[in-house]
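The values are calculated or read from the model by the stated rules, or taken from the named source; none is laboratory data. Owing to the predicted nature of the structure, the values given are computational and were not obtained by experimental measurement. For neighbour counting, all protein chains shown are included, and Cβ atoms are generated from backbone atoms with ideal geometry for every residue, glycine included. For accessibility, only protein heavy atoms count, side chains too; no ligands or nucleic acids. Shrake-Rupley method; radii C 1.70, N 1.55, O 1.52, S 1.80 Å.
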Amino acid sequence: MRLMSASGFQVCLVVILLAAPIFVATGAPSGYLPVQSNIAQTESRSIILMIGDGMGYEHMSLAGLVEYNATGTLSFETLTWNASVITSSLDAEITDSAAAGTAIATGNKTNNNMIAVTPSGEPLETILEIAQKLNKSTGLVTTTMIQHATPAAFMTHVESRSDYSEITSQIVEQAGVDVLMGGGLQHFSQNQLNTMASNGYTLVTNRTALLDFTSGKILGLFADSYMDEERYRDYTATPSILEMTNKSIELLSQDEDGFFLMVEGGQIDFAGHDNDRIGVALETIEFDKAVALALEFVQDNPDTILIVTADHETGGMKVVGHNLDDVLPGSLMQESDRRSLRVERATNVTTTWSSTYHTATPVGLFCYGSVFESLPGDLLIDNTDIFTLMADYYAGEPLSVTDVSTSTTSTSSTTGDSTTTSTTSGSTTDGGTTDPNLILYASAGLGIVVLVAVVYVLRRR
Ligand SMILES: [Zn+2]
């Protein structure tokens, strides 16, 4: 039975022949073919984001000098992909932690003092909330208060960062974060603590109880206000940022759907405000040790990425010289001995300061994960791009970053899945973003053309 007249067939053929090159040129609907496989592959993806509050490049230099000597670098400075980050907020060149936290958490600039809302107060969806929608477990860890600007920007929506009552209320009533650790106990009423308990949280207030906790939702509140600064921390009573990070990863990684964890070294900033080089060194070194632990986990778990950055620089600090003998004792077993040595070494580093507040100096971004391997490094990006990187990763999309110094957007040639990396070798530098599926689409289009031509020839016989 003839399905169409000869002339109808010929018209149809012409249409197909004309359409095929357009199909090849424009590509199939974006990502059409790989999407199905990516959904399965991205289900368990996890992100560990670590923010050194107020940690500029010079803060890192100081800590590296003190801990590892003149040629030493912190562990996260060796991560595979890096960029510099512009930190300005919507209404000021010099940001505060609320606006910077909002930019990183939501991909949107807002005014200083505002927590994950637009300047008119509209809530902005955070990467933590996206993770929750994907059924992932979530955690927030800080050495300040859990209500402080940086952690708050990931789980609450408040017009003023100092409205701790509203922030605490949103943590209890709405946030649903599985793992919370830091200070800030004084802002919880007994009723709110009861509500948390009835929602399945275990309240933990000291180091021993934290180390003994093995599964479930946890509200770790280790101080009424900020946690003790590292210089004066009681090793037996108060967990370090390293111990809190370790426990958080242990708890969150039990979720086979993956997780989101943000860890803040929050008191690097406080030491910067005080122009206190000893405090900067001790807080940054401890943060670095937590990063090293997270890096080990990420290296063992390829469906996890690690992102280390700062929200802004504090103090305008510069390392201008040192009087270190560059010989570190081989083995100091006691934590307290190591701390004393660090204090002594930091005292022998000379620093200058230009401010007792934040500055507009760009900060570092250091990332680890196979998905970063095809991105060009050493870019200057905006802090909102940190959110974009994380959101793209969860979505199974290639990562995109824009170099603001050249307005050039680069896109990774892979989505980070080992099963797809072998099919892609396209260069992605300097604006040329090669769609890895283009060859596939071109082949499909060419196949259609050949098929139609064969049918046409056969029918004419
Ligand atoms: Zn600050």
Centroid-to-centroid separation of the stretch 201-221 and the stretch 276-336 [C-alpha atoms, Å]: 25 Å
Excluding residues fewer than 8 places away in the same chain, name every one of the lysines whose C-alpha is closer than 16 Å to that of LYS217. LYS136, LYS247
Net charge of Cβ neighbours under 9 Å - reference SER44; Lys, Arg +1; Asp, Glu -1: -3
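Shape call for the stretch 223-364 from the C-alpha gyration tensor, a ≥ b ≥ c root eigenvalues: rounded (a/c under 1.5), prolate (a/b greater than b/c) or oblate?
prolate
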Dividing the mean separation of Cα pairs under 8 Å (6+ apart) by the residue count of the stretch 187-235 yields a relative contact order in percent of 31 percent
Provide the per residue accessible area, probe 1.4 Å, for the stretch 226-325, rounded to a whole number of square angstrom. 34 Å²
If amide H atoms are built 1.01 Å from N in the plane of the peptide, which residues on other chains or at least 5 residues away come under 5 Å of the amide H of THR142? MET181, GLY182, GLU264
Report, in whole Å, the centroid distance computed from the Cα atoms of the stretch 107-149 and the stretch 230-255. 22 Å
